[in-house]
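Single-structure report; data block below.
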Amino acid sequence: MSKENFALRLKASMAQQGKKQVDLIRAASEQGVKLGKSHISQYVSGKTLPRPDILHFLADTLQVDENWLRGDESSSETASSTGSAGADGGNAPAGNPKQNSQINFRNNTITGERQMRTFKKSSKLDNVLYDVRGPVVDEAARMEESGTQILKLNIGNPAPFGFRTPDEVIYDMRQQLTECEGYSHAQGLFSARKAIMQYAQLKGIPNIAIEDIYTGNGVSELINICMSALLDDGDEILIPSPDYPLWTACATLAGGKAVHYICDEQSEWYPDIEDIRRKITDHTKAIVIINPNNPTGALYPKEVLQKIVDVAREHQLIIFSDEIYDRLVMDEEEHISIASLAPDLFCITFSGLSKSHMIAGFRIGWMILSGNKKAAKDYIEGLKMLSNMRLCSNVPAQSIVQTALGGHQSVRGYIEPGGRIREQRDYIYKALTDIPGISAVKPKAAFYIFPKIDVKKFNITDDEQFALDLLRDKKILLIHGGGFNWEQPDHFRVVYLPRIEVLKEAMGKIADFFSYYKQQL
């Protein structure tokens, strides 16, 4: 079997079926076939050949003859009914009903019969991945459907773990529901935006007025709007690695190129300033920071933020700052908004109530435009246009912003000494680092930790496969580091929202897993 021949025929078959690499990975996961991103990319590039079971899976999924896909010359005869050539210059296999029916589909006929038209997803999604709800999560759902109970440590969703919305917030929403039946102003209720503006002023964010505040159905919607309004094909935007993958997905979907700068684990997961400098080109429009950070739990000090501002100032970049966890800061540390250090630069700061007030399902977030808005006048018009197109964000959720941002902040009890999140953070850090072959930087904020695996000890070359193996063996759902655009297969993220007794059970299982695990190639 020729590697080159196989790679050419594999790509031709994928094109015929309208399938991308990610489609094959997901199909393999659904069928319990061990096929990771690194494997399929090596097949497509002609670097390696698949095992017989993988070859059989690929041929079956792509509806082609296995011998032809293998590259056997005896299977490269002229197709009797079409004479259609393959990508390698040879013809599709004769007598192969799967291949022939796919080619005949172009004429919408198979032996005179009209075939059903099928619809494929947009090619704009080809390089868009969101593994926080990806193939491993799909496998967990399949297992749950068969009756298996899964402990989900994959997503920062407070409610399932007993974190409740403050009573005052629920009460105020109920009182105002009858006033929330219609659309609000496209940017949000005046009362909500006023409260957000005042909160931003307390954070030292300069040069803001009521018209600079936009509410959204969570920060996620606003990130999508910002990327769509800014990026043209070929534009570049600097995004941290590891990142919250929605940033990369939205930038890619908008037609831009996400360029990942490294956050350095040896330096408390702080951004590598020199790496940022190296990756700026004439096409770079903006830089994204996530502070406090998801997935690492890092909190950036003023001196690091100032260096980022200096680079952005030198290259006239927009700063996007994702600060959704700014009230979940521990160890008596202080969160600083980067916009407060950059009054001369155009900045957009994102935050919301999903995490700080444990109301993720209400979907209320916001963005604050500050600094040099004159330089972004036309871009702001684009933001307004897209904001208007969705009419408005969730009005009942907007109605409680003023209540949530004022008065007693209930989250403080969780992060102070003896508080639930803080104790769970301390426990998970010690439990993980007690496992031979696992190390971690202790998080200072949010409710995530991003431990490192000794890949040589466990023979790990595919971190997604590691996550699948853990799921199937121990019924624990984690997200592998690759899901956060981390290139090496040596990290995973743990959400430490469950109570300590649940975490203890989970960590016992994870420790046991690592006591015997060796990844099979």
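Assorted remarks:
- What a 1.4 Å probe finds exposed on the range 430-510 is 47% carbon and sulfur by accessible area, rounded to a whole percent.
- Computed about its Cα centre, the charge dipole of the chain is approximately 600 debye, with only Lys, Arg, Asp and Glu carrying charge at their Cβ.
- Long pairs among LYS442/LYS504; LYS307/LYS442; LYS121/LYS355; LYS285/LYS384, criterion Cα-Cα beyond 26 Å: LYS121/LYS355
- Sequence-distant lysines (8 or more away, or on other chains) whose Cα lies within less than 21 Å of LYS47: LYS3, LYS11, LYS19, LYS20, LYS34, LYS37
- Cβ-based net charge around MET173, under 12 Å, with every Lys or Arg adding one and every Asp or Glu removing one: -3
- In the chain, excluding the sites themselves, the longest stretch lacking any of the chymotrypsin sites (Phe, Trp or Tyr not before Pro) that are in a DSSP loop with at most 14 other Cβ atoms within 10 Å is 184-521.
- Projecting the Cα atoms of ILE421, PRO242, THR148 onto the charge dipole of the chain (Cβ charges, centred on the Cα centre) puts THR148 farthest toward the positive pole.
- Sequence of ASP454, ASP172 from largest to smallest accessible area, 1.4 Å probe: ASP454, ASP172
- Taken per residue, the accessible surface of the chain reaches 44 Å², heavy atoms only and a 1.4 Å probe.
- Just so you know, the Cα atoms of the range 189-328 work out to an Rg and Dmax of 15.2, 45 Å.
- Rounded if a/c under 1.5, otherwise prolate or oblate - the range 367-432, Cα gyration tensor axes: prolate
- Within the accessible area of the range 233-292 (1.4 Å probe), percent carbon and sulfur: 46 percent
- The range 208-280 shape via C-alpha gyration tensor axes, a/c threshold 1.5: prolate
- Loop trypsin sites (Lys or Arg not before Pro), the range 379-468, which have at most 16 other Cβ atoms in a 10 Å radius of their Cβ (DSSP): ARG390
- Each residue of the range 481-496 is assigned a 3J(HN,Hα), and the resulting list reads x, x, x, 10, 6, 9, 6, 7, x, 10, 9, 8, 10, 10, 8, 9 Hz, derived from the Karplus form 6.51 cos²θ - 1.76 cosθ + 1.60 (θ = phi - 60°), x at Gly and Pro.
- Relative contact order computed over the chain (Cα-Cα under 8 Å; 6+ residues apart), in percent: 16 percent
- Candidate lysines - alpha carbon under 17 Å from LYS509, same-chain residues fewer than 8 apart omitted: LYS152, LYS430, LYS474, LYS475, LYS518
- Here r is the Cβ-Cβ distance between LYS374 and ALA159 and R0 is 35 Å; the resulting FRET efficiency, rounded to 0.05, is 0.25.
- Among beta bridges that DSSP assigns inside the chain, antiparallel share in %, nearest 5: 55 percent
- The range 260-281 and the range 497-521 have Cα centres spaced 31 Å apart.
- Length released on extending from ASP167 to LYS518, taking residue separation times 0.36 nm less the Cα-Cα span: 121.5 nm
- Cα gyration tensor shape of the range 385-515, rounded if a/c is under 1.5, else prolate or oblate by comparing a/b with b/c: oblate
- Accessible-area value, HIS39, 1.4 Å probe, nucleic acids and ligands omitted, Å²: 40 Å²
- Relative intensity, log₁₀ I(q)/I(0), of the range 349-397 from a Debye sum that treats every alpha carbon as a point, q = 0.13, 0.29 Å⁻¹: -0.41, -1.08
The values are calculated or read from the model by the stated rules, or taken from the named source; none is laboratory data. Every value quoted in this text rests on a predicted model; they were computed, and no experiment measured them. In this analysis, Cβ positions are derived from the backbone assuming ideal geometry, glycine residues included, and neighbour counts consider all displayed protein chains. Quick note on the areas: whole protein, heavy atoms, side chains included, nothing else; ligands and nucleic acids left out. Shrake-Rupley method; radii C 1.70, N 1.55, O 1.52, S 1.80 Å.
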